[in-house]
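S.K.: For reference, the structure I am asking about is given below.
What follows draws every value from the coordinates through simple rules; no lab data is involved. All values reported here derive from a predicted model rather than from experimental measurement. With ideal geometry, Cβ positions are generated from the backbone for all residues, glycine too; neighbour counts draw on all protein chains shown.
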Amino acid sequence: MIQIEVKQGSVVDEDVDAIVCSANNWLILGSGVAGEIKMHGGPRIQAECDQIVEKKGGSPIEIGGAIWTSAGELMSKRLHLKYVIHAVGMGYKIRNGDDLQERILATPESIFKAVTSTLEIADEMAMHTIAFPLMCARPGYSTIEAEDAPWVLLATMMRAINSFAQKGNSISKIIICTGALSVRPSTETSKSNL
């Protein structure tokens with residue numbers, strides 16, 4: 001059984017086996033959650049991402065896929081944290097150095113696939129706890145209307161987790177961090193078990 005916790009805050013504040021980066025297909029840690037992970041985890045995480053893309057012959061990661069890196073400097077700040085899993089929900093058609101052009105928006109299906117890919121990696125690596133951000137929630141990064149995005153994205157993520165939970169796996173707890181978004185009027189933490 002997987003315990004699910006939905007709460008305000010950032011994944012970088014969680015002491016779990018892995019935190020999830022809402023990534024683009026080129027694995028460039030720019031702004032939002034990716035930028036926050038880069039700021040707190042240091043340059044090692046971006047260097048590992050660059051090596052992964054380089055090993056693919058300079059090609060992007062498939063949208064809906066996921067890869068993992070170390071947690072960089074975050075490992076020395078959290079007792080359990082060892083990995084960042086980069087869940088690719090959206091992307092760009094063109095990369096010129098760190099300049100990304102022609103955005104490919106996230107869809108509920110790409111987010112479902114990215115969350116599923118992330119959970120598969122966590123299970124393969126025998127991780128027990130994982131913290132997700134609200135995937136692709138920033139306006140302009142998904143096909144979902146901005147005012148509906150948090151709730152549609154949360155429902156999509158929960159659907160992927162529920163589907164995955166039906167299989168035997170190593171994961172015991174998933175935290176979904178909603179950033180500054182209040183999940184309830186009283187900012188209480190929402191918990192459920194799957």
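S.K.: Between Val53, Val16, Val33, find the one with the highest GNM mean-square fluctuation for the chain; connect C-alpha pairs within less than 10 Å.
M.R.: Val53
S.K.: Here is a follow-up. If you work out Rg/Rh (Cα atoms, Kirkwood Rh) from the coordinates, which of (1) 1.06; (2) 1.86; (3) 0.94 do you get?
M.R.: For Rg/Rh (Cα atoms, Kirkwood Rh), the calculated option is (3).
S.K.: Tell me, what HN-Hα J-couplings in whole Hz come from the Karplus equation 6.51 cos²θ - 1.76 cosθ + 1.60 at θ = phi - 60° for each residue of segment 80-95, using x for Gly and Pro?
M.R.: 9, 5, 10, 9, 10, 9, 8, 8, 8, x, 8, x, 9, 6, 10, 10
S.K.: Need one number: nm distance between label points at Glu102 and Ala155, each 7 Å from Cα along Cα→Cβ, rounded to one decimal.
M.R.: Placing both labels 7 Å along Cα→Cβ, they lie 3.3 nm apart.
S.K.: If you don't mind, another one. Among Leu79, Leu105, Leu153, whose mean-square fluctuation peaks in a Gaussian network model of the chain (Cα, cutoff 10 Å)?
M.R.: Leu79
S.K.: Continuing with the same structure: For the chain, the longest stretch holding no GluC sites (Glu not before Pro) located in a DSSP loop with at most 12 other Cβ atoms within 10 Å is which?
M.R.: Counting at most 12 other Cβ atoms within 10 Å as exposed, the longest clean stretch of the chain is 1-144.
S.K.: Could you derive backbone 3J(HN,Hα) for segment 106-116 from the dihedral phi with the Karplus parameters 6.51, -1.76 and 1.60 (θ = phi - 60°), listing whole Hz in sequence and x where the residue is Gly or Pro?
M.R.: Per-residue couplings from phi come out as 5, 10, x, 5, 5, 5, 4, 5, 5, 5, 4 Hz.
S.K.: Which percent, nearest 5, of DSSP beta bridges in the chain are antiparallel?
M.R.: 45
S.K.: Then there is this: Please tell me which of these pairs span more than 28 angstrom C-alpha to C-alpha: Lys55/Lys167; Lys56/Lys77; Lys38/Lys173; Lys55/Lys173; Lys7/Lys55?
M.R.: Beyond 28 Å: Lys55/Lys167; Lys56/Lys77; Lys55/Lys173; Lys7/Lys55.
S.K.: Give me a comma-separated list of calculated 3J(HN,Hα) values for segment 39-48, in order, Karplus coefficients 6.51, -1.76, 1.60 applied at θ = phi - 60°, integers in Hz, x for any Gly or Pro.
M.R.: Couplings: 5, 7, x, x, x, 4, 5, 5, 4, 5 Hz.
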